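What follows is a set of notes on a single structure, which appears directly below.
The values are calculated or read from the model by the stated rules, or taken from the named source; none is laboratory data. None of these values were measured; they are calculated from a predicted model. Note that we place each Cβ from the backbone using ideal geometry, even for glycine, and neighbour counts take in every protein chain shown. In case anyone asks, the SASA skips ligands and DNA or RNA and just uses the protein heavy atoms, side chains included. Shrake-Rupley method; radii C 1.70, N 1.55, O 1.52, S 1.80 Å.
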Number of protein chains: 4
Amino acid sequence: MTSSSLLDRWSATRAHSLSIAARISAEDASAQSMPECSPMKWHLAHTTWFYETFILEAFQPGFQPFHPSFRVLFNSYYNGIGEQFARPQRGLLTRPDLGLVLEYRRVTDLHMRQLMQNAPALQLLDLVELGIQHEQQHQELMLTDILHLFHCNPLYPAMLPRPDGGPDVAPATARPAEWLEFDASLCEIGYMGNGFCFDNETPRHREFVEAFFISSRLVNNGEYLAFVEAGGYHNPALWLSEGWNWLRQQQIDRPLYWRHEGQWEEFSLHGFVPLDLVQPVSHLSFFEASAYAAWAGARLPTEAEWEFAAQKMPDMEQLYNNCWQWTASSYSAYPGYAVSDGAIGEYNGKFMANQYVLRGSSAFTPAQHARLSYRNFFPSATRWQRAGIRLALSTSGD
Amino acid sequence: MTSSSLLDRWSATRAHSLSIAARISAEDASAQSMPECSPMKWHLAHTTWFYETFILEAFQPGFQPFHPSFRVLFNSYYNGIGEQFARPQRGLLTRPDLGLVLEYRRVTDLHMRQLMQNAPALQLLDLVELGIQHEQQHQELMLTDILHLFHCNPLYPAMLPRPDGGPDVAPATARPAEWLEFDASLCEIGYMGNGFCFDNETPRHREFVEAFFISSRLVNNGEYLAFVEAGGYHNPALWLSEGWNWLRQQQIDRPLYWRHEGQWEEFSLHGFVPLDLVQPVSHLSFFEASAYAAWAGARLPTEAEWEFAAQKMPDMEQLYNNCWQWTASSYSAYPGYAVSDGAIGEYNGKFMANQYVLRGSSAFTPAQHARLSYRNFFPSATRWQRAGIRLALSTSGD
Amino acid sequence: MTSSSLLDRWSATRAHSLSIAARISAEDASAQSMPECSPMKWHLAHTTWFYETFILEAFQPGFQPFHPSFRVLFNSYYNGIGEQFARPQRGLLTRPDLGLVLEYRRVTDLHMRQLMQNAPALQLLDLVELGIQHEQQHQELMLTDILHLFHCNPLYPAMLPRPDGGPDVAPATARPAEWLEFDASLCEIGYMGNGFCFDNETPRHREFVEAFFISSRLVNNGEYLAFVEAGGYHNPALWLSEGWNWLRQQQIDRPLYWRHEGQWEEFSLHGFVPLDLVQPVSHLSFFEASAYAAWAGARLPTEAEWEFAAQKMPDMEQLYNNCWQWTASSYSAYPGYAVSDGAIGEYNGKFMANQYVLRGSSAFTPAQHARLSYRNFFPSATRWQRAGIRLALSTSGD
Amino acid sequence: MTSSSLLDRWSATRAHSLSIAARISAEDASAQSMPECSPMKWHLAHTTWFYETFILEAFQPGFQPFHPSFRVLFNSYYNGIGEQFARPQRGLLTRPDLGLVLEYRRVTDLHMRQLMQNAPALQLLDLVELGIQHEQQHQELMLTDILHLFHCNPLYPAMLPRPDGGPDVAPATARPAEWLEFDASLCEIGYMGNGFCFDNETPRHREFVEAFFISSRLVNNGEYLAFVEAGGYHNPALWLSEGWNWLRQQQIDRPLYWRHEGQWEEFSLHGFVPLDLVQPVSHLSFFEASAYAAWAGARLPTEAEWEFAAQKMPDMEQLYNNCWQWTASSYSAYPGYAVSDGAIGEYNGKFMANQYVLRGSSAFTPAQHARLSYRNFFPSATRWQRAGIRLALSTSGD
């Protein structure tokens, strides 16, 4: 990729973040609904901090920080950079106000643009690409987090206007799910190509998968509703032990954004809308996904199975752009995985414990951000992500 | 008091709340720094809710609520009114936005004004008076809470411009404290007069106080600093047992808003300012006040002692307008105290457990709000209130 | 009191502790059911530690500690003595075993006896008296704590054999409660006499009480059951705010030891027995006592009222030996109260915060331990103590 | 295996549990040091409950439970059997006392023996085998848990007499560790044979492992001490993010049972002994094992690598009987794994989330209980297990 097309993509990414933020108020952008979420203003500042800290500070002659405190305030988790402001308190940062954060973006973008226009080093271009990918991840979080914040408010605000009778993703057909069969194979997974990928997708390597079936589409709301109505949330035999304890402590008996007021409804960026039974069920935890799979006499696929199936059948339904798909695979290093040097090495590797891999991408993921080898990951009790279920089955057993 | 002068006072009170709020941004006004604090926007709405719920709903013909959800959203703790939005989550209410809350105030004020101009019933006037007093209490909280919020922010914003070399209260003299002596007496305490008082100040009744001394002024920063530097926070013999456990768990070794960066400084509405050694020490918990008193070979006064001394020597220094003064008295009912009927009866009585009475008033208290018989109260670990120490001593003993 | 009769009382006290412990196994004696309770073995050791630390260490020539670790292990809360073993973990001290603790008692008693037989100093005798009183307090806790432990066990063991149809306190008559009237008076409260009292009962001093009524007897189980069945635990208007939050968080809807299995039953040292409707209700928190009083249109007495009434009518029913009686008075220092020097000064004074005074004594209190001026105290949520209700009323008001 | 030799093994297993318990007192056997541990008395009862519930109840004609409450009291986690007594409160079960639990064992054994002597069904024999294996697992826990309990006691009791200058495992040589090399291979892992295995070891299946090195022996105390002394516990770059947060919250800076009193010492069943530098380091969490590996420029092996290496080099040093060895593999189902029907199906499958697999066996594991395909598993913060480190390395990378 030439640096000019990179500059275009970078500019478009920067503009896209602003276009998301433009839909909400400064007050909305400043609140944090739980420690796992961040205020949208914080996302806007942190994605800027990333360029300032990893690029401007390293490459700009005579670099001056925009504000001496921002290095700490908007550092997410990079111990190599230094202290971080306490994550659960990001909602208390009413200053800098949104206006100053937008100014921070403007000034940083100016410096970045100058740097990129002057025959930049390859290493810098790689960091710009990483910055774009990083900002795209935060664009998804902006939507995910604002949905959670609005759901905490009894007024149930909508970020987007109510659609003309339609959901916010492509209409799903009511086609029956089919079991797609795959023979036992020595497959190769991990990123292959010359484009960008995260370090956790490498190295490409061999994994052996025994014969398996995978479902042609995601589990939909109607199917999941049957599980709810069959008492799925009240039958310990279906649940992982930790999941069962979690469910009872949290008094959970349905997906996070469902409610039943005369009819079943689901909270969305359009506010509460009637539950669309043919759309994939979403915003489930790993525990709920596993319990549903047990109830359905199936299981979750491993990430090797998912990637292998997607290699073979790239047109498989709802692979991308609808819901992330929980896998049975704990997030861990591929054989031969090497963490990058320096603070940037904290991007992925240090999170490889007690999280589960999700594959595909969701309706909240920026379009250019999906990839066959992409490894998303979250703890097993995570519900506020747009995550659903694609079932799998071993040929014998299960 | 005629209803027209009441209307004037009511109007002035309403305007004063807006003038406080005008000094901060909508983002500032929406955040909540801890469960005990509330966002300034919430204070603005709740003080309006009070008029709407207790007056308009009862007295306005054809009453229509401004918004059907506000009855729950802005109910602080009145079970008699119904459900309340969870207190620790008030900072998540980015909607209604500040603009709508101001509109809520404008519309409610319009209705209130109409009602008051039309030969209102005495009962209504009493409720207006209560509403004024209630709003004044929240005006103090607005300042107290915003100070706490700003202190949580590493940028340490100031709500007020930096004064020309002066603190935000009247300059204190460095006069030595004197012990004022009072003989044993059967005194009378509690409200006496025809003006307004809260129900917890009644009935006026007799209490016997044995002979005692009380200090002519409050403990100042310089004196408290000596306690800090003498290791007061590290000597369990000075502390109540619960206070010692609290101090160690919270790792407390100085007043909430003090810091030492080359010199001792104190956080204020002007930001961090050098510690003024002759100003009263403030923002202390009951535990800290008690420990200091023990170190100084003295004790805290009871509320009967405080009120009796203030009756006898109304010009005693710093009785009002500087710092609330912790007393040794647990907050409880006066003999013969009767709770009002209905939800308004929840105003005071139900909090008479595990709180300590503070007397006087502070620099954050609206000027008209101080009163000889006034009983403020907070739990013993409370630090974010503007509370200090006036020492007392028994004639023999101690 | 001569030192020989003191020696007799001391011996009897030591023997009484053993006679309580003789009724349970070493396993029973080693467990701790919650942080507020202690294992019986710990009580046996701590009461011995008290003599060893405050008397033998000070007065015995050539003193050698029984075991070098016991100074820390069995120090309850005396910072002046040094470190303390973490209170919530006392149940983990399976060593020293019960046998060694009994040996610790035997050896310490031997030394104590020698010391007392040899013309002891007055100061020593005072400490022996304090040690006796201290051990008596722990004898009550032994019963209170073992009852709690056994209640945690689904086998519901009984420490005592099932009585022949009777409860473990004197049968209560079903006499109607009467309101005993007292005029407004300047009374004197606090210990008067030449015998032993705790420092918190001094100095005797004057308090003024406005006219009041006090009930001739305690509230009984039948009366309290009416409160339960009238929905008392579900009506927030009756409860202190903190009590209401506590009740909902803990999901409390009846006294700690009540259960309803076909009939109402109460857990006791005899195991579960049918609820005796004419016996005083017991094992209530201050919150429950206050809510009941509000429901009954009355209030709790202050400790001055209680003591004054008991002075005037010493034959009043159930003053002692049945249930401790919650008062409305927060535990605080009497005017002129002075803490003793040294570690022994930690006995009472440092607990004067956020606790409420109970008066009288209970069926678990050693007979010689009750006293008109006695001040027991516990936090407002305490339920495992044998505490009940004597109602009071102001002449006007309430 | 014939049923008579099974009977012999069963008898020996039952006797072995008693021989462990014989070394401690009834008090020791009744305490629980943390929720993850159980009192030894509980282990003795639960292993008996297992036979009573899964065998006697199903196969014994005219079955009568030993005690009606034991079905609940000693049910560990089988929802299919019904309610369970709250795990964190097992230490409160002073009744049944140890004597009654031993009687429970005696009576149950009598019934079991009768049943096994009368031409038992194959299904029953399978359950006896499972019961033996289950009891062996609890024998290891008995030692692990008593070690933890004794470590909580400042007297630091020893369960075993101090050895004559030797540790409680075979002396380790100070041979340097070597990297054993393995080529990339399609291997087979999982149980193969006709003996007993747990369901989680099945089905045997293929996994592909890329080329790797594995260490010829475990990391020893001397090597781990170098990590401690090099500041390993203070360098976030070495730690998984969750591990770093855990370490700081718990203030951990060394292995659980290490202390430094003049010299480095380690707590063991013999009490504190000098740290043996050539013995494998033990009682580490997964987080500590991972951090050490990062510091050493290596990584933990996957369970497939471990099992493959152990197949090829069964004489590899310290595979068994010293320390369990943390692997990088999250505990999950093998492809084609099927959970058994009924409550017995809760044995393993429901724990397959957020735990890591350990391989080998430890000095606390009964000798007959080790197996090439054995999968032990614990959460990543677990420290009280006897778990250590065998390093691995990818051929390229790392």
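In chain C, a dipole from Cβ-located charges (positive for Lys and Arg, negative for Asp and Glu) runs towards its positive end, and of C:V101, C:Q318, C:Y347 it is C:V101 whose Cα lies farthest in that direction. Taking 0.36 nm per residue of sequence separation and removing the Cα-Cα distance, the B:Q311/B:Q249 pair yields an extension gain of 18.3 nm. Based on Cα contacts under 8 Å between residues 6+ apart, chain C shows a relative contact order of 18 percent. Rounded to the nearest 0.05, the FRET efficiency derived from the C-beta distance between C:D8 and D:L18 at R0 = 60 Å is 0.80.
When the charge dipole of the stretch B:3-152 is built from unit charges on Cβ atoms (+1 for Lys and Arg, -1 for Asp and Glu) and taken about the Cα centre, the candidate among B:H16, B:Q64, B:L122 whose Cα reaches farthest toward its positive end is B:Q64. Computed over chain A with a Gaussian network model linking Cα atoms closer than 10 Å, the most mobile of A:R359, A:R386, A:R248 is A:R248.
Taking the Cα centre of the stretch C:77-136 as origin and assigning +1 to Lys and Arg Cβ atoms and -1 to Asp and Glu Cβ atoms, the resulting dipole is close to 200 debye.
Each of A:E229 and D:T395 was given a label point 7 Å from its Cα along the Cα-to-Cβ line. The distance between the two points is 5.7 nm. Heavy atoms of the protein chains alone define the surface here; on that basis chain A has 38 Å² accessible area per residue at 1.4 Å probe size. The modelled label-to-label distance for the pair D:Q123/B:L100, using points 7 Å beyond Cα in the direction of Cβ, is 6.3 nm. Rounded to whole numbers, the Karplus 3J(HN,Hα) couplings from phi for the stretch D:34-50 are 6, x, 6, 8, 10, x, 4, 4, 5, 4, 4, 6, 5, 5, 7, 3, 4 Hz, using 6.51 cos²θ - 1.76 cosθ + 1.60 with θ = phi - 60°, and x at Gly and Pro. Ascending distances from the A:L18 label point to its copies in the other chains, with the point 7 Å along the Cα-to-beta-carbon line: 3.5, 8.3, 8.8 nm. Taking the alpha-carbon centroid of each part, what is the distance from the stretch A:208-222 to the stretch D:377-391 in angstrom? A separation of 34 Å, based on Cα centres. Considering only B:N376, B:Y257, B:A289, and ranking their Cα positions along the charge dipole of the stretch B:252-398 that arises from unit charges at the beta-carbon of Lys, Arg, Asp and Glu, the one farthest toward the positive end is B:N376.
Taking Cβ atoms as reference points and 15 Å as the exclusive limit, the residues near B:L277 contribute a net charge of -2, counting Lys and Arg as +1 and Asp and Glu as -1.
For the stretch A:242-339, what relative contact order do you get, as a whole percent, if you take Cα pairs closer than 8 Å and at least 6 residues apart? Value for the stretch A:242-339: 19 percent. Electrostatic tally near A:Q368: other residues with Cβ closer than 13 Å to its Cβ, Lys and Arg +1, Asp and Glu -1, net -2. At 222 nm, what helix-only mean residue ellipticity would chain B give, in deg cm²/dmol to the nearest 500, using -39500 (n - 2.57) for each DSSP H run of four or more? Computed ellipticity for chain B at 222 nm equals -10500 deg cm²/dmol. Inter-copy label distances for A:A119: 9.2, 9.7, 10.8 nm (label point placed 7 Å from Cα along Cα→Cβ; shortest first). With R₀ fixed at 60 Å, the C-beta to C-beta distance from D:D341 to B:R175 puts the FRET efficiency at about 0.10.
Shortest first, C:Y156 label-point distances to identical copies amount to 4.6, 4.6, 6.2 nm, with the label point at 7 Å from Cα along Cα→Cβ. Sorting B:E178, C:E27 on solvent-accessible area from highest to lowest, probe radius 1.4 Å, gives B:E178, C:E27. Remark: chain C carries a charge dipole of roughly 660 debye about the Cα centre, counting +1 on each Lys and Arg Cβ and -1 on each Asp and Glu Cβ. In terms of its C-alpha gyration tensor, the protein assembly as shown has an oblate overall shape, because the principal axis ratio a/c (a ≥ b ≥ c, square roots of the eigenvalues) is not below 1.5 and a/b does not outweigh b/c. Using θ = phi - 60° in the Karplus curve 6.51 cos²θ - 1.76 cosθ + 1.60, the 3J(HN,Hα) couplings for the stretch B:222-234 round to x, 5, 5, 4, 4, 4, 4, 6, 7, x, x, 7, 10 Hz; x is entered for Gly and Pro.
With both residues required to sit in the protein assembly as shown, DSSP beta bridges show an antiparallel share near 90%. Note on surface exposure: A:R95, C:R90 rank A:R95, C:R90 by accessible area, highest first, 1.4 Å probe. Taking amide hydrogens as placed 1.01 Å from N in the peptide plane, the amide H of B:G271 sits under 5 Å from those of B:M159, B:L160, each at least 5 positions away in sequence or on another chain.
Heavy-atom surface analysis with a 1.4 Å probe gives chain A a carbon and sulfur content of 52 percent of its accessible area. With R₀ set to 60 Å, the beta-carbon distance separating A:S185 from C:L110 gives a calculated FRET efficiency near 0.15. In whole Å, what three semi-axes, largest first, describe the equivalent ellipsoid of the stretch A:3-152 built from its Cα gyration tensor (square root of 5 times each eigenvalue)? Equivalent ellipsoid of the stretch A:3-152: 26, 17, 13 Å, largest first. Summing Lys, Arg as +1 and Asp, Glu as -1, what charge do residues with Cβ under 9 Å from the Cβ of D:L319 carry, D:L319 excluded? That works out to 0.
In the stretch A:172-210, comparing the full protein assembly with the chain on its own, the residues that lose 20 Å² or more of accessible surface at a 1.4 Å probe are A:L186, A:R206, A:F208, A:E210. Accessible surface ranking for B:R175, C:R299, 1.4 angstrom probe, highest first: B:R175, C:R299. About its Cα centre, the stretch B:236-384 has a charge dipole of approximately 220 debye under the convention of +1 per Lys or Arg Cβ and -1 per Asp or Glu Cβ, with nothing else charged. In order along the stretch B:274-291, the phi-based Karplus estimate (6.51 cos²θ - 1.76 cosθ + 1.60, θ = phi - 60°) of 3J(HN,Hα) comes to x, 5, 8, 5, 8, 6, x, 5, 9, 6, 9, 7, 4, 5, 5, 4, 5, 5 Hz; Gly and Pro are listed as x. Residue and whole-Å distance for the chain D Cβ lying nearest the axis of the D-onto-B rotation are D:Q251, 6.
Accessible area buried by the pairing of B and C, both sides summed with a 1.4 Å probe, works out to roughly 2500 Å².
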